[in-house]
1. Evaluate the range 209-224: report whether one residue or more is within 20 Å of Gln15 (Cα to Cα), of a type in the set (A, V, I, L, M) and open to solvent by 20 Å² or more (accessible area, probe 1.4 Å).
2. Show me the helices (runs of 4 or more DSSP H) entirely contained within the range 1-88 in which 1 or more residues are surrounded by 23 or more Cβ atoms within 10 Å (Cβ to Cβ) and modelled with pLDDT of 90 or more.
3. Specify the residue that is nearest to Ala176 (Cα to Cα); the eligible residues are those in the range 90-123 that are assigned to a helix (DSSP H, G or I) and small (Gly, Ala, Ser).
4. Just to be sure I understand, how many residues within the range 135-191 are in a loop (DSSP other than H, G, I, E, B) and over 17 Å from the mean Cα position of the chain (by Cα)?
5. Among (1) in a helix (DSSP H, G or I); (2) touching a Pro at 6+ places or on another chain (Cβ under 6 Å); (3) open to solvent by less than 60 Å² (accessible area, probe 1.4 Å), which single condition is Ala126 missing?
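The values are calculated or read from the model by the stated rules, or taken from the named source; none is laboratory data. Everything quoted here is computed from the prediction, not taken from an experiment. Glycine gets a Cβ as well: all are built from the backbone with ideal geometry, and neighbour counts include every protein chain shown. Surface areas here come from the heavy atoms of the whole protein model, side chains and all, with no ligands, DNA or RNA. Shrake-Rupley method; radii C 1.70, N 1.55, O 1.52, S 1.80 Å.
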Amino acid sequence: MTQMPQTAVITAHGQPSAPAPAEADLAATARAVAAHLPGWDVRSATLADPGRLEAVMQAGAVVYPFFMSRGYFTSKVLPGRLQGRTIRMATPFGLDSGLPDLAARAVQQLASQQDWPLSTLNLLLAAHGSARGPRAAEAAEEFAAQLGPLLPGCTLSLGYIEQDPRLASAAAPLPARSICLPFFAQAGDHVKEDLPEALDTAGFGGTVLPVAGALPGAPALIAAAIRRASLDRNASE
């Protein structure tokens, strides 16, 4: 008898004003993750695409929140959309214990390419923040606290799109020998529009890395989290 593949559903916020591009980006992420999960059926759905999450969901699936924190959407909206379904919920991407190592490698590689010693480097962590509650900022601050020791000598600062300290203010005093790491899962409007606008306002002359969710190694990190959730009885809902 052929065994049915295990199902994982990667879900993200998406772009309500234009759902299709973000949906396509998330589908590409799901394909990359599937390469690390042989035998699994890896699906994707943004919350912004009406009805898609419910359409791709399957009983017993592992739901992977491609979010940076356990904020409003992961703690309220997503459980509400999945109410009554038997699933396993994985740890959100931004809270993965392996993410700081992955980010540190990306920063170190770029610094090496630029011939910038870590002791002379300024790293700006650009995060979303939120007016809805503290979870988004707490996740960014915890990530920064774990990332700092992995980059000895590097000066690390935080700036937010939607709360203080604002990104433009955090970026303004930084020298050209600076790297900006966007603490985002996907490159939506905040990353494509708000982040460049803030950096331009600040006169930031440094280098901007891809969003955390697009860094090398992210698909393998997501796949490992999905495997852990599939084996974790406490992840059941």
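1. The answer is yes, given that some residue of the range 209-224 is within 20 Å of Gln15 (Cα to Cα), of a type in the set (A, V, I, L, M) and open to solvent by 20 Å² or more (accessible area, probe 1.4 Å).
2. Working: elements: 19-34, 52-56, 78-81.
Those helices (runs of 4 or more DSSP H) span 19-34.
3. Checked the range 90-123; the qualifying residue nearest to Ala176 (Cα to Cα) is Ala111.
4. The qualifying residues number 13.
5. (1)
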